[in-house]
Amino acid sequence: MAVKTHKTKKAKKMRGRNMGTHGWGARKKHKKSGHKGGKGMSGSGKRGDQKKTLVTKKYGHKYFGKRGITSKKTKKDKRKRINLRDIELKLEKIGKKTTKGYEIDLKDYKILGEGEVKNKLIIKAKEASKSAIEKVKEKGGEIILPTKNIQEKGEIKAEEQND
């Protein structure tokens, strides 16, 4: 009678060998990309649970579901705006005090007229509302806007008549 020198452990035994399932149930479930759907967003439909982690990592959590009344393709107005009230509150941070008054550089912003102006402000801005311009001028300041090269029809006619 031969003595056993080596005993194989249960964990090393590969049960279900030669069947190709390896614990996935049916052979068809764990072959290539059949159940996964393929590349990109394909296969993310009815049985798309296996894609959810990929989608949330790649596309973010806003991919699923509905968002608001308008569609996702609708472009939002992303212009930056700031009220005179907010400018007054943050004057020390955003403005430089000079002999003329507070000089503020807000080239990318549209200045809106909500709030009161207490100081003399000289603001460089992209756009400004009429009420904002009036309020700043009342205190002796001004809002400097970029000049447009387009001449209005009335100005052109006046120049032609002078010649």
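Just so it is clear, none of the values below were taken in a lab; they were calculated from the coordinates. This one's a predicted model, so the numbers in the text were calculated from it and none came from an experiment. Here the Cβ positions follow ideal geometry from the backbone for every residue, glycine too, while neighbour counts run over all protein chains shown.
Overview of values
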{"quantity": "Long pairs among Lys52/Lys80; Lys75/Lys124; Lys100/Lys139; Lys97/Lys137; Lys51/Lys75; Lys76/Lys124, criterion Cα-Cα beyond 23 Å", "calculated": "Lys52/Lys80; Lys75/Lys124; Lys51/Lys75; Lys76/Lys124"}
{"quantity": "Global geometry of the range 82-141, whether rounded, prolate or oblate, following the gyration tensor of its Cα atoms and the 1.5 cut on a/c", "calculated": "rounded"}
{"quantity": "Separation of the Thr53 and Glu88 label points, Cα + 7 Å toward Cβ, nm", "calculated": "5.5"}
{"quantity": "Extended-chain gain in nm, criterion 0.36 nm per residue less alpha-carbon gap, Lys46 and Glu127", "calculated": "24.2 nm"}
{"quantity": "J(HN,Hα) series, the range 55-63, from Karplus relation 6.51 cos²θ - 1.76 cosθ + 1.60, nearest Hz, glycine and proline x", "calculated": "5, 5, 6, 7, 9, x, 6, 8, 6"}
{"quantity": "Fewest-first sequence of Asp108, Asp86, Asp77 by Cβ atoms within 10 Å of each Cβ", "calculated": "Asp77, Asp108, Asp86"}
{"quantity": "Rough spin-label spacing in nm, given labels placed 7 Å along Cα→Cβ, for His6 and Arg81", "calculated": "7.9"}
{"quantity": "Spin-label model distance (nm) - Ile144 vs His61, 7 Å beyond Cα toward Cβ", "calculated": "4.5"}
{"quantity": "Footprinting exposure proxy for Ile87, Ile143, Ile69 (fewest neighbouring C-beta atoms within 10 Å first)", "calculated": "Ile69, Ile143, Ile87"}
